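The values are calculated or read from the model by the stated rules, or taken from the named source; none is laboratory data. Quick caveat: nothing in here was measured; it's all calculated off a predicted structure. Don't worry about glycine lacking a Cβ; one is built from the backbone with ideal geometry, like all the others, and counts go over all protein chains shown. For accessibility, only protein heavy atoms count, side chains too; no ligands or nucleic acids. Shrake-Rupley method; radii C 1.70, N 1.55, O 1.52, S 1.80 Å.
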Amino acid sequence: MSLPRNFLQLLPMAGHTRGNRDAMTCHFKCGDACAQAVCNTSSNSYFRDIADKAMSRRAALGLGGVAAAAVVVGPQIANAPSASADFGGFGKGGGKLPFNAIDPVERTVDTVTVPEGYDWAPIIRWGDPLFHDAPVFDGANQTAAAQEQQFGYNNDYLNILADRGNGRTGVLVCNHEYTNEYMMFDPAWQAENADEARRIAWAAHGFSVVELKRAKAGQKWEYVVGGARNRRITATTPFRLDGPAAGSDLVKTVADPEGLTVLGTNNNCAGGTTPWGTIISGEENFNQYFQGRGTAEEARYGIGTGAPSRGWEKLDPRFSAQNPGYENETNRFGYIVEIDPQDPTSTPVKHTALGRFKHEGANINIAADGRVVAYSGDDERFDYVYKFISKGKYREGDKAHNMTLLSEGDLYVAKFSETSAAEIDGSGAVPSDGAFDGGGEWLPLVKNGTSRIAGMSVAEVLVYTRLAADKAGATKMDRPEDVEPNPATGKLYIALTNNSNRGKAGNAPADEANPVNGNRDGHIIELTERGNDAAALTFDWNILLVAGDPAVSDTTYFSGFPPEKVSPISCPDNLAFDSRGNLWISTDGAPGKIGYCDAIHKVQLTGPERGKVEQFLAVPAGAEACGPVIHDREDSVFVAVQHPGEGGTYAEPYSLFPDFKASREDVRAGEFYGPRPSVVQVFSTRGNKGVGHAKRAAKAKSLPRKK
């Protein structure tokens, strides 16, 4: 992947992004998805065709149903912790984290902006060594062997797991979604070392597991070089394929005739922590790494026939389905993966039982009868929301048993119904009953070990899950990303990031669950399973907020809270909760939609301030706010700062975060002139004096930035 002189103009999204979204982000993060045709061309019923047009609001909610804004703690919350809980002892009550909302930050500001009374510092950066024998990072002389022992690139999902006991040790787990070689490598070096650059990219994907230490609870964390649990998982690490599709003819290749072992994981996005302490993460835009044959199944997943831009097929034939014997390699990606951060010798797993699609991630709740329920969104325009219910039941303290629960069970896809179909015209106008709301059901794809989709076997449903959901008649949504259960209430929150194609000719029209045509800013749905039982097959829902900048948009909605009193918010992506059950939202794409840096916001969910959005922090220029992790009882927030300065190049960086070196000549060992994706801790200055980066980074605000 050498750098042509006019490469910025050659990017497929160049000149087609609206606002200030960078075409380079579109290219490397999702393979220019918005420049491609919509993958879902199925003729399954649109949302409003699903609903009974005469259904009243009372019927939709059910006479005995849970009201949309009620706070009800279901039996699953009492029986076991949710995946959203912190398994380091921060999961219950007593949250603090007081702050005054910050103003939105102009997209050119190249630092982490935090409220008064807080400071920030990176815990770990791209290239930081994890092992005693790992070389010090040298961005001008990087090698694949070095990268395999160093923190990977473009960190996304994040959790900080404090060890039980004194609270002074723990482990950081983070995945690495994708690489941007234009920012990582000198173009002259890359032109001469194309294959080594690709191997470095392999090594920069995957996961990092890193031990942490601190002086005492509430203090700033530092990572431990050579920690006993430190581990790198990359694009070449062996994974065990399990579940009903494992070993089927659909996943066998000439290199793996048994169909049970897959090398590597790619484009891991969000994720979750299970009640038994493992990490699950979704393989999202995996399609862009492969060259396809032109089949209908490949087209439904966005796999094209042209040579992928990364050129990995030049090093390994498995990245082209056109190579004999590797026709099924693409079928071995697109799953939920599970790793054990406590055991660096364990083999990570890809779970076929949860289906194959562009998983944003997965998050778990425990049903009233003890079964495990995993929720996941398929991050594509007009794709679906899914849930998996395990066959087996959760056993407190039995980790070995619990690690089998995602291997067998039932898979469902969501079908929404609405209460005010006749009033939805795509303008975003709130219906006369005062809310966007309705009911719905979970449609079975696989149940009791059998396929519920005519003409498709169980293996076919789990490998071609999108096609199965099309046939089932699922509701087409506006890029469903994170789906998170609230550990305080059991309610689900679904981030719909955006969908500029909503309402366009040939695409699904607006409906009550996706009420804005050309939805640029996204929205959040609150979903309550009937009886507040995660295993229920029907649900009620309402829209918590329709995002945007109220000062310039007339489609925003905040559950009735006055829009002039909220922080602008756009493109909700990852979701989290504090110990009081407040929702926290990180954004991906705000610079291109509302002109501000991506951010993390807190949202009230109950009482008179329901719908109030308050901005807590902003990430640097060009970056996306990933994670986040909220340890409010310790006045700390953690964020994975992904793709800072995207749009710049190695020669002309648009960000210097977090090293902030004035020139290449100013770079010392372990530093970099240019941006480094990093995990950042934001902490109260009351208990952490003189250890932050706020003053150091303040100089960066005046540096010239991309206009």
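A few points about this structure:
- Residue that is farthest from A429 (Cα to Cα) [pool: residues in region 460-475 that are out of contact with any Ser or Thr (no Cβ under 6 Å at 6 or more places or on another chain) and open to solvent by 10 Å² or more (accessible area, probe 1.4 Å)]: E460
- Residue check, A228 at pLDDT 95 or above, surrounded by fewer than 20 Cβ atoms within 10 Å (Cβ to Cβ) and more than 23 Å from R318 (Cα to Cα): yes
- For L241, the criteria (1) closer than 13 Å to Q150 by Cβ; (2) open to solvent by less than 50 Å² (accessible area, probe 1.4 Å); (3) not charged (D, E, K, R) hold in every case but one, which is (1).
This table checks each residue for (1) in contact with a Pro (Cβ under 8 Å, 6 or more places away or on another chain); (2) open to solvent by 10 Å² or more (accessible area, probe 1.4 Å); (3) over 14 Å from V483 (Cα atoms); (4) part of a loop (DSSP other than H, G, I, E, B).
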site: I525; (1), (2), (3), (4): no, no, no, no
site: T528; (1), (2), (3), (4): no, no, no, no
site: D540; (1), (2), (3), (4): no, no, yes, no
site: L544; (1), (2), (3), (4): no, no, no, no
site: S553; (1), (2), (3), (4): no, yes, yes, yes
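- Test: residue in region 367-390 that is among the aliphatic types (A, V, I, L, M) and more than 30 Å from G264 (Cα to Cα): yes
- Selection status of K612, more than 19 Å from D103 (Cα to Cα), open to solvent by 10 Å² or more (accessible area, probe 1.4 Å) and not hydroxyl-bearing (S, T, Y): no
- The residues of region 398-444 that are out of contact with any helix residue (DSSP H, G or I) (no Cβ under 7 Å at 6 or more places or on another chain) and basic (K, R) amount to a single one, K399.
- Within region 428-437, the set of residues being in contact with a Ser or Thr (Cβ under 7 Å, 6 or more places away or on another chain) and either within 14 Å of V516 (Cα to Cα) or open to solvent by less than 10 Å² (accessible area, probe 1.4 Å) (or both) comprises G428, P431, D437.
- In region 185-194, the count of residues that are surrounded by 20 or more Cβ atoms within 10 Å (Cβ to Cβ) and in contact with a helix residue (DSSP H, G or I) (Cβ under 7 Å, 6 or more places away or on another chain) is one or more.
The rows are residues; the columns are (1) free of Cβ contacts under 8 Å to residues at least 12 places away in the same chain; (2) hydrophobic (A, V, I, L, M, F, W, C); (3) within 23 Å of V136 (Cα to Cα); (4) out of contact with any Asp or Glu (no Cβ under 9 Å at 6 or more places or on another chain).
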residue	(1), (2), (3), (4)
E614	no, no, no, yes
P620	no, no, no, no
R633	no, no, no, no
F638	no, yes, no, yes
E646	no, no, no, no
L656	no, yes, yes, no
F660	no, yes, yes, no
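- Sub-8 Å Cβ pairs linking a first residue in region 131-152 that is closer than 18 Å to P344 by Cβ to a second residue that is acidic (D, E), at least 6 apart or interchain, are Q149/D133; Q150/D128; F151/D128, ordered by first then second residue.
- For R633, the conditions (1) surrounded by fewer than 24 Cβ atoms within 10 Å (Cβ to Cβ); (2) in a loop (DSSP other than H, G, I, E, B) are fulfilled apart from (2).
- When S636, S586, S579 are screened for being touching a helix residue (DSSP H, G or I) at 6+ places or on another chain (Cβ under 6 Å), at negative phi and not acidic (D, E), only S579 passes.
- Condition met for E652 (open to solvent by 10 Å² or more (accessible area, probe 1.4 Å), part of a loop (DSSP other than H, G, I, E, B) and free of Cβ contacts under 8 Å to residues at least 60 places away in the same chain): yes
- Put simply, of S500, S570, S553 the only residue that is more than 23 Å from R610 (Cβ to Cβ) and of a type in the set (S, T, Y) is S500.
- When E313 is tested against the conditions (1) out of contact with any helix residue (DSSP H, G or I) (no Cβ under 7 Å at 6 or more places or on another chain); (2) within 21 Å of R199 (Cβ to Cβ), the lone failure is (1).
- Helices (runs of 4 or more DSSP H) within region 140-258 that include 1 or more residues under 30 Å from I585 (Cβ atoms) and within 23 Å of the chain's Cα centre (by Cα): 181-184, 194-204
- G592 at pLDDT below 95 and open to solvent by less than 30 Å² (accessible area, probe 1.4 Å): yes
- Check on S457, under 20 Å from F333 (Cα atoms) and open to solvent by 20 Å² or more (accessible area, probe 1.4 Å): yes
- The residue that is farthest from T330 (Cα to Cα), counting only those in region 295-314 that are open to solvent by less than 60 Å² (accessible area, probe 1.4 Å) and acidic (D, E), is E313.
- Some residue of region 259-271 being out of contact with any helix residue (DSSP H, G or I) (no Cβ under 8 Å at 6 or more places or on another chain), open to solvent by 20 Å² or more (accessible area, probe 1.4 Å) and among the hydroxyl-bearing types (S, T, Y): yes
Conditions tested, residue by residue: (1) touching an Asp or Glu at 6+ places or on another chain (Cβ under 8 Å); (2) surrounded by fewer than 24 Cβ atoms within 10 Å (Cβ to Cβ); (3) at pLDDT 95 or above.
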| residue | (1), (2), (3) |
| --- | --- |
| N323 | yes, yes, yes |
| T330 | yes, no, yes |
| T352 | yes, no, yes |
| I364 | no, no, yes |
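- From the options S570, S500, S559, residue that is closer than 22 Å to Q604 by Cβ, open to solvent by 20 Å² or more (accessible area, probe 1.4 Å) and among the polar types (S, T, N, Q): S559
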